[in-house]
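Participant: Once you've had a glance at the structure underneath, I'll fire off some questions.
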Amino acid sequence: MESESLNCPNCGAAVSSDKTLCQFCGSRLKTVACPKCFGLMFLGSKFCGHCGASAIAPDVITDEKAGSCPRCKIHLGLLAIGETTLRECENCGGLWADVETFENVCADNERQSSVLGFLGENKRLSEAPAKISYVPCPDCSQLMNRSNFAHSSGVIVDMCKHHGVWFDADELPKIIDFIHKGGMEHARQRELNEIKDERARLSDEMRIQSARDERFDIGKMWDRDENAGIRGFIKTLFD
């Protein structure tokens, strides 16, 4: 994406949108999306330079119950993006979403656009761990499971089935992009096909077993002659 000229919210100087520091006043800069038109602006700006709307910037606050980053072990802050609240590690850019929040993001296009608008222009790519390891849940401290989201996205996330999902810096935008491209529907259809195939397989096995039972009359063999029943049963093991 091409950079554009924005105004520093501290000194008002024109600064390229791909800069992280103002070369005039030295303020740290972070681009965000306007909540109305999704145009770029710097975090801290009072108004959008594209549409003039009042800038409702995401709030980053500290919460004693937010837990610690599974990777950096530092305290997480709360990041509010519109109606979506995530926990953020200021060091590595990792994000934590509780179960309900993640479900809402996956199901709501407006939430997806809002989160993507904020994160997409503020990528903080973290280096992949030298060694793949299981990390603890920020809420219960139990090691989380690693899972390929939707079994086909190619994004491996850390999940606690009771509390939520941990995303490394670039993972949540990738998942939202996967959803936008119809990945969830494709995954759902694939799962339905697998269930259909499994049912067909079980149905075939039941027909085969029924034919075997009828052939050896297993149900009556035991009543008729115990020894004959045993021999008939053993025979089926090699059939």
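Participant: Taking the residues in the range 24-46 that are aromatic (Phe, Trp, Tyr) and at pLDDT 80 or above as candidates, determine which candidate is nearest to Leu95 (Cα to Cα). Write out each step before concluding.
Facilitator: Let us first name the residues in the range 24-46 that are aromatic (Phe, Trp, Tyr), namely 24, 38, 42.
Filter again for at pLDDT 80 or above, leaving 24, 42.
Values: Phe24: 31, Phe42: 21 Å.
Filtering the range 24-46 for residues that are aromatic (Phe, Trp, Tyr) and at pLDDT 80 or above, the one nearest to Leu95 (Cα to Cα) comes out as Phe42.
Participant: Among the candidates Gly164, Gly232, which residue alone is modelled with pLDDT under 80, surrounded by 10 or more Cβ atoms within 10 Å (Cβ to Cβ), small (Gly, Ala, Ser) and in contact with an Asp or Glu (Cβ under 8 Å, 6 or more places away or on another chain)? Step through it out loud before you land on a result.
Facilitator: Details: Gly164 fails: modelled with pLDDT under 80.
Within the list Gly164, Gly232, the selection yields Gly232.
Participant: Check Lys30, Lys46, Lys19, Lys36 and return the single one that is charged (D, E, K, R) and farther than 26 Å from Lys174 by Cβ.
Facilitator: Details: Lys30 fails: farther than 26 Å from Lys174 by Cβ; Lys19 fails: farther than 26 Å from Lys174 by Cβ; Lys36 fails: farther than 26 Å from Lys174 by Cβ.
Exactly one of Lys30, Lys46, Lys19, Lys36 is charged (D, E, K, R) and farther than 26 Å from Lys174 by Cβ, namely Lys46.
Participant: Just checking, which of Glu90, Glu83 is within 18 Å of the chain's Cα centre (by Cα), modelled with pLDDT of 80 or more and not assigned by TED's automatic domain parsing to the domain that holds Asn7? So that I can check it myself, show each step before the final result.
Facilitator: Details: Glu90 fails: within 18 Å of the chain's Cα centre (by Cα).
Among Glu90, Glu83, only Glu83 is within 18 Å of the chain's Cα centre (by Cα), modelled with pLDDT of 80 or more and not assigned by TED's automatic domain parsing to the domain that holds Asn7.
Participant: When the range 117-161 is examined, which residues are found to be more than 17 Å from Ile176 (Cβ to Cβ), part of a loop (DSSP other than H, G, I, E, B) and at pLDDT 90 or above?
Facilitator: Listed by number, the residues that qualify are Tyr134, Val135, Cys137, Pro138, Asp139, Cys140, Ser141, Gln142, Met144.
Participant: What strands (runs of 3 or more DSSP E) completely inside the range 1-45 contain at least 3 residues that are over 26 Å from Arg111 (Cβ atoms)? Let's see the steps before the verdict.
Facilitator: Values: elements: 5-7, 14-16, 31-33, 40-42.
The qualifying strands (runs of 3 or more DSSP E) are 14-16.
Participant: Okay, moving on. Mind checking which residues of the range 62-80 are out of contact with any Leu (no Cβ under 7 Å at 6 or more places or on another chain), at pLDDT below 90 and either farther than 13 Å from Phe118 by Cα or of a type in the set (Ser, Thr, Tyr) (or both)?
Facilitator: Restricting attention to the range 62-80, the residues satisfying the condition of being out of contact with any Leu (no Cβ under 7 Å at 6 or more places or on another chain) are 62, 64-65, 70-78, 80.
Applying the additional criterion that residues be at pLDDT below 90 yields 62, 64-65, 77-78, 80.
Scanning the range 62-80 gives Thr62, Glu64, Lys65, Gly77, Leu78.
Participant: So for the range 176-196 (the condition being within 22 Å of Ala66 (Cβ to Cβ), in contact with a helix residue (DSSP H, G or I) (Cβ under 8 Å, 6 or more places away or on another chain) and modelled with pLDDT of 80 or more), does at least one residue qualify?
Facilitator: First pass over the range 176-196, keeping only residues within 22 Å of Ala66 (Cβ to Cβ): none.
Within the range 176-196 (the criterion being within 22 Å of Ala66 (Cβ to Cβ), in contact with a helix residue (DSSP H, G or I) (Cβ under 8 Å, 6 or more places away or on another chain) and modelled with pLDDT of 80 or more), the answer is no, since none of the residues qualifies.
Participant: Pick from Ile208, Ile175: which is among the β-branched types (Val, Ile, Thr), surrounded by fewer than 13 Cβ atoms within 10 Å (Cβ to Cβ), at negative phi and in a helix (DSSP H, G or I)? Break it down into steps so the answer makes sense when it comes.
Facilitator: Details: Ile175 fails: surrounded by fewer than 13 Cβ atoms within 10 Å (Cβ to Cβ).
Just one listed residue meets the conditions, Ile208.
The values are calculated or read from the model by the stated rules, or taken from the named source; none is laboratory data. All values reported here derive from a predicted model rather than from experimental measurement. With ideal geometry, Cβ positions are generated from the backbone for all residues, glycine too; neighbour counts draw on all protein chains shown.
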